[in-house]
1. R0 = 30 Å: FRET efficiency of B:THR65 with B:GLU20, Cβ-based, nearest 0.05?
2. At most 16 other Cβ atoms within 10 Å and a DSSP loop assignment: could you name the GluC sites (Glu not before Pro) in segment B:1-100 that fit?
3. Which of rounded, prolate or oblate describes chain A when judged by the alpha-carbon gyration tensor and an a/c cut-off of 1.5?
4. P(r) of segment A:38-137 in 10 Å steps, Cα pairs, percent per bin?
5. Calculate the length of the line joining the C-alpha centroid of segment B:18-79 to that of segment A:146-179, in whole Å.
6. Label point 7 Å out from A:GLU211 along Cα-to-Cβ: which residues of segment A:178-197 have amide N under 19 Å?
7. Taking segment A:133-227, which trypsin sites (Lys or Arg not before Pro) meet the DSSP loop condition and have no more than 13 other C-beta atoms within 10 Å?
8. Output the relative contact order of chain A, whole-number percent, from Cα pairs under 8 angstrom with separation of 6+ residues.
Amino acid sequence: MHEKADGHALERLLADNEQLAEHNREHFDEDDVLCLNFMSAPGAGKTTLIEKAIGQLKDRYRSFVIEGDMVGELDADRLKREDIEAFQISTGKACHLDAAMVARVLHNLELPEADIAFIENVGNLVCPAEFPLGEHLRVVLLSVTEGADKPLKYPVIFHNCDAVVLTKCDLLPYVDFDRDMFVQALRALNHDAALFEVSAKSGSGLTPFVEWIVSCIKIQRSTKGYSRGNKGEPKRDHVHLVSS
Amino acid sequence: MHETTIAGSILKIVRARAIESKRRAISVSVRYGEFRNVDPESLAFAFAALRQESPRTACCELKLTEVKALALCKRAEHEYRPRLEKMYRCDTCGGPIGEIACGEELDITEIVLAAQPALDDENESATEHESATERESATERDVMVDECASELDGGKSERGGLAAAGIKSRGDTAFGEEKRNA
């Protein structure tokens, strides 16, 4: 006895996650919250970038952070010390956040009224790309100490993102980072993603990134929510708008 | 190691079909796109470990097929094979990747079940059959799905809410394209 789909999908895998991600996105849209999913290798500077961005945004927009880590609450505690509302998800053995983890936060915790939800994924350039969380925008970070060839080595995550932030740019004079190669590799995989070169430490380049987030909030409110495909492909027209 | 999650997702579907048909699973065919982050060896390893947790799937063979990526270039919509050696650029004009035409699949294409029904002592329900590990990983997600359904449905019914919200629940999937051959 067999069931065969003649070249078509009989059942899509990880469909549960995609359904829950869509549900999470509806929550965010109902509340006019723009949700950004930050992904990178460990140590690329996600927490610092989020912290500094919120610092620049706080007079205009309210934010909270959902922190994903395998163990502990170090990042959430660090943000709380800066008076940032942060909620920690400890994934245990999982190397990525999934939509169910985020849904539990949305359903079970008393979240503050906010305009922006920052989700900091577990540090990893592979697994998080496979699990949409309900975000409107995907932001991928690469620090200059990691090497310019990373987009070529991790094409999926760099192809399926809306913005790329090159971090720790204050270290550029001290490391052999081939910036031209990086831009070429990124643009081969993702022609439309907004690109920012930032030093969160010095604040250099931070303002354009923050203003990009602001422009995305305005687009979300004027269009009543972003729409992303099941796998999280960006709507290219939105990206054109925000990166122009 | 998200391949463990994928293996669990495969086995959950196969086990449900096997229980529905009161049979054991012989094999399951899965295709994965080149532009998905799937390592076939890791997936096979995780599948081999997890299939033991139910007698319905203990002997189930996993057949994996990779779907090579085909992209349309951004510049002129040439169809081409994006390859690392070419920095994923178009073979014809050197343009960047636009849309991925194929290579992002991750799905089951075939499930083969035993011709004969399984012995009576294997005809347990899906819930009874779930292994401790699967229960642990599945329960939280399912509770979440049910909570979401209940919320969307005003608490009237769990699965009705899912359907009303366009969210498919386990076992509700329509098999529009499939063929069933006994």
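Just so you know, all these numbers are worked out from the coordinates, no wet-lab data involved. Since this is a predicted model, take the numbers as computed values, not measurements. In this analysis, Cβ positions are derived from the backbone assuming ideal geometry, glycine residues included, and neighbour counts consider all displayed protein chains.
1. 0.75
2. Working: sites: B:GLU3, B:GLU20, B:GLU34, B:GLU41, B:GLU53, B:GLU61, B:GLU66, B:GLU77, B:GLU79, B:GLU85, B:GLU99; in loops: B:GLU34, B:GLU77.
Here the GluC sites (Glu not before Pro) that fit, given the DSSP loop and packing criteria, are B:GLU77.
3. Since a/c stays below 1.5, the shape of chain A is classed as rounded.
4. 15, 53, 30, 2
5. Their Cα centres are 31 Å away from one another.
6. From segment A:178-197, the list is A:193-197.
7. A:LYS224
8. Values: 437 pairs, mean separation 56.6, N = 244.
Over chain A, the number comes to 23 percent.
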